[in-house]
Structure formats: structure tokens, C-alpha cells
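To start, the structure itself, in C-alpha cells.
The values are calculated or read from the model by the stated rules, or taken from the named source; none is laboratory data. Quick caveat, the model's predicted, so the values are computed rather than measured. Every residue, glycine as well, gets a Cβ built from its backbone with ideal geometry; the counts of neighbours run over all protein chains shown.
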Amino acid sequence: MRITKSAQARHTAVLKYLQQHGRATVDELAEKFETTPQTIRKDLTSLAEANQIVRFHGGAALVGGTEYTGLRVRQEIAREEKDIIGRAVAAQIPNNASLIINAGTTTASAARHLEHHVGLKVVTDSVLLANDIREFAGLEVMVPGGVVRKSDGVILGEATVDFIRQFRVDFAIIGAAAIAPDGALLDYDLREASVARAIIENARTVILAVDSTKYGRAAPVRIGELAQVDMVVTDKGCPQALRDLCAAVQVRLFIAG
């Protein structure tokens, strides 16, 4: 279907607005651009088909890959859902446990909710996350060596992977940029995926913390398979397809909130 010049201009404006705010509702965009909700829905459908945004019920957000959005914007996408998920994930972690927390905005939310735990030994591949939780009284925090990515403080490289392989922790809290319909866990960065694979391989229990918009997205790098995860914690927007997928591979699904 041919897109008019006015629609193209609005698409560009919608993308710019989402880059500033992370996510927006249909009604919010309709008011912003002085048009109808029906028109905005058509705009969002076109942008989603071009894989520039991801739709959720009543609105849209930017695709969550690092090449599309910066850290600050990613922190704003599904912020409330991530906080609810983070609280639920933290509730699964007992005191006096060892864990690895993978870098990510949802996993960082889980880390912040560990403030009142005691006796935890935490490894993380994010200098920003480590700094956020280093003063928690009940935590001992360790970070690997490696190259620190300037944009978001993620530690990458072979030294990072080698460090993680020295551990056999009780729990791993990981995220993913996307969950494919066939159960593949996906990311945008090959180096990040290598770290995530090492984390999965060296934990007794793996918890995948993802907001519901991650299902059905596209990303180029495979981390692993949903079947390698012990529990998925997500929000109430969880699509039926993801529920069915978790049941099929016998992964526990926890709907937070």
C-alpha cells in the first residue's frame, strides 16, 4: 500500500517522539499529532511491519535493541512493567545464595529489589548495575574484567566469559532482546550473547526476566533456547502464544502483578 507524504512525515515524527519518550499510547499520539486514533493505529502498524517499533495493547514502543535506542530510552520502555517484574524476580531469590545478574534494564530492576536480602554473592557484567547495588548491606558484588561499553557500562569480551565460567552459582537472572515464536532467545550483540550463554551454562537455576513486548520480536543473534530456562517472569500483557510455548517446553511461567 502506498504511503502518502503526509503519512511519511507523521511516521518520522512518531519515531522521533518515541525516541524521546520510549513508549506512548495511541490516544497520547493522536492528541500530540492532532489526528484520530484510527490513523495512529495505521501508522503504528506500518512502523511495526518495518520492524522500527513494537506494538503493545493500546500503544507502541521502540524496538529494544541497542542499535535502535540508547540506555536512557530503554530504561523508560515498559518502566512500570519492568519494576513489577523485577520485584517478582527478587522474591524468587533466597537469602545466602549466589547469583549472576546479566546486564539489562529488566534485570537491573530485579537487582534493585534485592536491597533487603542478606548473604548474597552477586556477579554482574554491568558496571552501572554493580554501582547501583554495591552499598546494599547484604550483598557482596563482583565484576569481571573486560572491555566496558561506553554507552551503557556493559562489560564484554573473552575475559568476561572466562571469569563467569569460574563460577557455579545458584541462580542466574538474564534478559533477552527478543523471544522468537520457536523459542529462540535472541539479542543484537554477538559479544553480549556470548556472555549470556556463559551465564546460562554456569547457573543451577536460570530465571528469564522479560517484559511481554519481547515476544515475537526479531533480533539477529541467538543466545540460546527457552528450554534452557527454568522460569520466565513477565507482565500481565503476556501473549497466549508465549504461555503455550512455556507449557510446551515445560518452563515455569510467572505472571507478575
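Across region 113-140, the qualifying residues are those that are among the small types (Gly, Ala, Ser) and either surrounded by 14 or more Cβ atoms within 10 Å (Cβ to Cβ) or touching a residue at least 40 places away in the same chain (Cβ under 8 Å) (or both), and the one among them that is farthest from LEU190 (Cα to Cα) is GLY138.
Of all residues in region 23-39, how many are touching a Gly at 6+ places or on another chain (Cβ under 9 Å) and either part of a helix (DSSP H, G or I) or not aliphatic (A, V, I, L, M) (or both)?
The initial filter retains those residues of region 23-39 that are touching a Gly at 6+ places or on another chain (Cβ under 9 Å), namely 23-29.
Then drop every residue that is not either part of a helix (DSSP H, G or I) or not aliphatic (A, V, I, L, M) (or both), which leaves 23, 25-29.
Of the residues in region 23-39, 6 are touching a Gly at 6+ places or on another chain (Cβ under 9 Å) and either part of a helix (DSSP H, G or I) or not aliphatic (A, V, I, L, M) (or both).
Counting just the residues of region 53-102 that are under 17 Å from the mean Cα position of the chain (by Cα), part of a loop (DSSP other than H, G, I, E, B) and surrounded by fewer than 17 Cβ atoms within 10 Å (Cβ to Cβ), which one comes out modelled with the lowest pLDDT? Looking at residues that are under 17 Å from the mean Cα position of the chain (by Cα), part of a loop (DSSP other than H, G, I, E, B) and surrounded by fewer than 17 Cβ atoms within 10 Å (Cβ to Cβ), I get GLU67.
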